[in-house]
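Student: What follows is a structure written as structure tokens; I'll ask about it next.
The values are calculated or read from the model by the stated rules, or taken from the named source; none is laboratory data. All of these numbers come straight from a predicted model, not from anything done at the bench. Cβ: placed from backbone, ideal geometry, glycine included. Neighbour counts: every protein chain shown. Note: accessible area is taken over every heavy atom of the protein model, side chains too, but ligands, DNA and RNA are not part of it. Shrake-Rupley method; radii C 1.70, N 1.55, O 1.52, S 1.80 Å.
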Amino acid sequence: MSPAAACWRASATFFSPLMIVPVLSSLWDDHHSWTAMGLDLVGMAVAWGVVSFVWAAVAWGLLKRRARAAGLRLGSGSFEERQTHLLSSPRADEGGQDRVRERLADCERAFLVLGPAADEITFRWRPGRNKDHSVRASLTFDAVAGTVLVDVKGGDGHLGVAGLRKGSAFLAVCQIARALGLEGAKERRGGLV
């Protein structure tokens with residue numbers, strides 16, 4: 001499924017309860033004939049489709065812009081709860097790993113930063129403005145290859161991209177890549193490792 005179709009599906013799911021309420025209210029109205037009720041249902045379905053399509057187009061555009069800025073490819077798995085991407089980092093002999101650690105410590109969106117191993121850091125990341133919602137993330141360094149494996153797990157009630165409750169993990173990967181100075185993705189299996 002394409003990212004745009006996945007975005008529209010998330011938008012349609014998000015707006016479904018908003019469509020059901022007017023449909024149920026029209027069923028309870030005693031003054032409508034079956035023909036009038038059928039026309040109302042068709043009109044509501046068309047309005048629901050247009051609104052969900054426009055909302056999906058806005059969300060897809062926002063996510064595509066963030067992905068492009070981070071050097072990532074917006075793929076079919078961008079709305080999954082877990083995102084794993086292999087990004088390039090500055091070489092270890094230039095102190096790149098230490099710079100990434102320093103930038104992470106200075107970043108306002110990162111908290112509960114733990115570095116139990118020399119080559120791995122785990123932390124929480126706020127993809128949105130609400131301080132109560134965050135995603136779990138980890139960075140695993142490969143000094144020889146000059147790469148960082150970014151692993152983000154969403155699903156903790158974050159609203160995601162444009163309020164669709166989807167895409168928060170991919171949005172967090174894009175933000176982490178930009179904030180930490182990680183360079184474009186090394187594409188494997190559609191951008192996912």
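Student: Starting from residues that are in a helix (DSSP H, G or I) and exposed (fewer than 12 other Cβ atoms within 10 Å of the Cβ), keep the ones in the stretch 28-37 and report whichever is modelled with the highest pLDDT.
Tutor: Out of the qualifying residues, it is T35.
Student: Also: Given the criterion at pLDDT below 80, in contact with a helix residue (DSSP H, G or I) (Cβ under 6 Å, 6 or more places away or on another chain) and within 21 Å of S11 (Cβ to Cβ), identify the matching residue among G155, G160, G128.
Tutor: G160
Student: With (1) at pLDDT 75 or above; (2) assigned to a strand (DSSP E or B); (3) within 10 Å of L87 (Cα to Cα) as the list, and A177 as the residue in question, which single condition is left unmet?
Tutor: Tallying (1) at pLDDT 75 or above; (2) assigned to a strand (DSSP E or B); (3) within 10 Å of L87 (Cα to Cα), A177 fails exactly one: (2).
Student: I'd like to check something: does the stretch 54-63 contain any residue that is in a strand (DSSP E or B), open to solvent by less than 70 Å² (accessible area, probe 1.4 Å), aliphatic (A, V, I, L, M) and modelled with pLDDT of 75 or more?
Tutor: Within the stretch 54-63, none of the residues are in a strand (DSSP E or B), open to solvent by less than 70 Å² (accessible area, probe 1.4 Å), aliphatic (A, V, I, L, M) and modelled with pLDDT of 75 or more.
Student: Which count do you get for residues in the stretch 103-135 that are of a type outside the set (S, T, N, Q) and exposed (fewer than 12 other Cβ atoms within 10 Å of the Cβ)?
Tutor: 10
Student: Here's something else I'd like to know. Among what's in the stretch 64-84 and is farther than 17 Å from L149 by Cβ, of a type in the set (A, V, I, L, M, F, W, C) and part of a loop (DSSP other than H, G, I, E, B), pick the residue that is nearest to the chain's Cα centre (by Cα).
Tutor: Only one residue tops the list, namely F79.
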